[in-house]
Amino acid sequence: PLLAGVALPDPVAGATAALATLAALRWRERSGHGLRVEVAQWEAALQLVGPWLIAGVPAPRSPADLDPPAAPRGVYPCRGRDTWLALTVESDAEWASLCSALGAPDLAADPRFASAADRAQHGAALEVALAARTRLCNRFALAAKLQRAGVAAGVVRRPADVARDAQLDARGFFLKISHREAGTHRYPGVPWRCDVWPAPPRAPAPCFGAHNAAVLRDWLGLDAADVARLLADGALAAAPRV
């Protein structure tokens with residue numbers, strides 16, 4: 001994934017929380033009842049990755065490391081095809097914890113990696129040595145182990161991983177929506193929760209011409225004869241012309 005250079009989920013979650021708060025205030029004006037707004041950073045950040053997934057193009061290379069004292073820092077391969085783990089080590093104590101979690105006392109004892117400055121100086125060798133160890137590990141198990149040890153780490157998730165994520169499921173993030181032609185599928189929901197707010201809409205995308213009657217009769221006041229005449233004249237259609 002592309003390194004943004006900042007902790008992007010922080011401002012994204014803040015902006016999302018502000019939007020949700022404004023919506024809650026509007027709800028209070030209309031209903032007379034207050035709301036408790038809850039925003040999760042992960043769910044807010046998920047709203048940004050759609051274009052990358054839809055484009056299906058390789059992610060651009062990240063810029064140079066903007067924080068040299070944090071070493072190692074990056075995305076490392078794990079066991080299996082195209083599986084990755086992101087981690088950051090910001091102190092010698094965290095480096096020791098990382099080496100312990102990997103079962104790599106040789107890395108902990110290597111003088112080239114004794115301090116943050118040493119690790120930054122020998123960055124290329126460090127990347128090779130660390131990748132050789134992480135490549136042997138299951139990404140989910142290693143991420144959990146590092147987090148318990150106080151090392152910032154997280155799995156780089158594929159779309160299928162996100163769709164099966166137990167935490168998102170527990171929060172009710174995904175919506176199950178049925179479509180007449182496409183069938184029933186799960187879709188991402190809104191990135192916030194409110195205690196008494198109605199559930200997000202679950203209507204599917206409309207099929208071709210699905211709202212003809214609602215627009216022409218209910219909104220424009222046309223009767224059945226008017227609609228039939230427009231159809232006959234080709235001014236509108238109930239199905240695509242191929």
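The values are calculated or read from the model by the stated rules, or taken from the named source; none is laboratory data. As the structure is a computational prediction, the values presented were derived from the model and not from experiment. We place every Cβ from the backbone using ideal geometry, glycine too, and count neighbours over all the protein chains shown.
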**Message:** Given the condition under 19 Å from Y76 (Cα atoms), in contact with a Cys (Cβ under 8 Å, 6 or more places away or on another chain) and surrounded by 17 or more Cβ atoms within 10 Å (Cβ to Cβ), answer yes or no: does some residue in region 142-152 qualify?
**Reply:** yes
**Asked** When only residues in region 183-236 that are at pLDDT 85 or above, among the hydrophobic types (A, V, I, L, M, F, W, C) and assigned to a loop (DSSP other than H, G, I, E, B) count, which is nearest to the chain's Cα centre (by Cα)?
**Response** A205
**Request:** Output the qualifying pairs, or none if there are none: Cβ atoms under 6 angstrom, residues six or more apart or on different chains, first residue in region 144-168 and closer than 14 Å to V89 by Cβ, second residue among the β-branched types (V, I, T) and assigned to a strand (DSSP E or B).
**Result:** A152/T88
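Residue-wise test of (1) closer than 30 Å to D161 by Cβ; (2) free of Cβ contacts under 8 Å to residues at least 40 places away in the same chain; (3) not assigned by TED's automatic domain parsing to the domain that holds L35.
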{"residue": "E181", "(1), (2), (3)": "yes, yes, no"}
{"residue": "T184", "(1), (2), (3)": "yes, yes, no"}
{"residue": "Y187", "(1), (2), (3)": "yes, yes, no"}
{"residue": "W192", "(1), (2), (3)": "yes, no, no"}
{"residue": "N212", "(1), (2), (3)": "no, yes, yes"}
{"residue": "V215", "(1), (2), (3)": "no, yes, yes"}
{"residue": "L220", "(1), (2), (3)": "no, yes, yes"}
{"residue": "A224", "(1), (2), (3)": "no, yes, yes"}
{"residue": "A228", "(1), (2), (3)": "no, yes, yes"}
**Asked** Among (1) more than 27 Å from L46 (Cβ to Cβ); (2) part of a loop (DSSP other than H, G, I, E, B), which single condition is D82 missing?
**Response** (1)
**Prompt:** (1) in contact with a His (Cβ under 9 Å, 6 or more places away or on another chain); (2) closer than 30 Å to G80 by Cβ; (3) surrounded by 11 or more Cβ atoms within 10 Å (Cβ to Cβ): which one isn't true of H179, the others all being true?
**Reply:** (2)
